[in-house]
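So the structure is just underneath, and the comments pick up after that.
FYI, it's all coordinate maths here, none of it is from the lab. No experiment lies behind these values; they were computed from the predicted model shown. Cβ sites come from the backbone with ideal geometry, for glycine too, and all protein chains shown count toward neighbours.
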Amino acid sequence: MNRLNRCFRFMLDFGVAVALAYLLLISPIHLSATARTQVTSDDFFKMGVKNVLNDNYQEAIKDFTQAIEHQSSFAAAYSNRCFAYLQLEDYQKAVTDCNQAIKNAPDSAEAYVNRGLAYYRQGNYLAAIADNTQAISLKPYDFQAYYNRGIANAMLGNHQQAIANYNSALSQISPYPSPLLADIYNDRGISRFQLQDLQAAKHDFSLAIRLNPHDYRAYFNRGCIAGRSGDNKSAIQDFTEALKLHPTDAHAYFNRGIAYHQLGHEQAAIPDLQKAVKYFANFGEITLYEKTLDLLKNLRQELLFLSEIALL
């Protein structure tokens with residue numbers, strides 16, 4: 001039984017941390033055309049912007065490339081092509097374009113934000129922090145730069161700095177309910193969780209749910225807080241809500257199964273662990289698949305042992 005408890009704590013920590021992979025966001029930049037210097041380059045630029053707005057990133061890249069061919073110092077075209085490459089996950093080309101945008105327009109905060117995002121997605125968190133810091137120096141009221149710097153700090157384990165960055169982002173962003181505002185609260189909750197400030201983390205996750213009730217991550221994370229606090233009934237409720245929104249989440253099945261086990265509801269725990277095994281296997285999470293399968297076998301053996309005692 002202790003083995004189950006140890007794995008429960010490990011999985012809770014892992015579950016909260018993985019939510020970070022989904023959280024970093026950014027918007028297109030310089031979407032109004034620059035001063036008309038050459039008709040053809042400006043027209044290509046505007047077509048590229050239109051394609052970005054319609055999520056046609058491959059076509060946008062072609063348009064921005066044409067604009068650059070007609071005007072080699074077109075900083076906004078480089079910066080927006082960088083953004084398009086980011087959406088296509090071609091991070092090295094994004095960095096190259098942002099480098100050129102910064103060379104041609106060194107006061108462009110947006111180019112630093114975009115390059116910082118490319119560095120972040122490459123795992124170069126220190127470079128991401130440096131770029132967002134530079135963006136803040138150029139544009140102190142840009143909540144995205146504070147937010148993205150917070151995400152990078154969190155990935156390095158600098159949770160106090162991350163919380164300070166999230167607070168700065170919250171002071172700049174509109175308080176009107178939005179999924180992005182919910183993301184900031186969710187991320188701040190994760191850092192507070194890592195610092196063992198469970199009540200503050202729970203408050204942030206609850207705010208995130210209120211602002212965006214359609215995001216499974218905040219329910220999952222609040223369920224982790226409840227499980228860590230020994231409130232298994234609330235944990236089950238939150239993991240259930242998370243699974244309604246994301247029904248193939250192996251981590252939620254695993255944690256709900258353990259919460260059922262803690263309450264002695266083994267007939268509910270076993271199906272959840274079975275589904276966790278299935279989805280861990282489907283998504284190639286082999287180590288977690290093997291650990292969960294081992295736990296499931298042990299739980300079945302314990303139930304068999306208890307049933308044999310009852311028959312004596």
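On full extension, the segment bounded by residue 53 and residue 156 gains 33.8 nm, given 0.36 nm per residue less the C-alpha separation. Over all distinct Cα-Cα pairs of segment 135-290, the Kirkwood formula returns a hydrodynamic radius of 16.5 Å.
Using alpha carbons only, the radius of gyration of segment 72-208 set against its Kirkwood radius gives Rg/Rh = 1.02.
A crude spin-label estimate for the pair residue 196 and residue 65, with each label 7 Å from Cα along the Cβ direction, gives 5.5 nm. Applying Stokes-Einstein at 4 °C and 1.567 mPa s to the Kirkwood radius of segment 215-304, computed over alpha-carbon pairs, gives a translational diffusion coefficient of 101 µm² s⁻¹.
Label sites at residue 302 and residue 282, each approximated as a point 7 angstrom past Cα along Cα to Cβ, lie 2.7 nm apart.
Only Lys, Arg, Asp and Glu carry charge here, each on its Cβ (+1 for the first two, -1 for the last two); on that basis segment 215-304 has a dipole of about 40 debye about its Cα centre.
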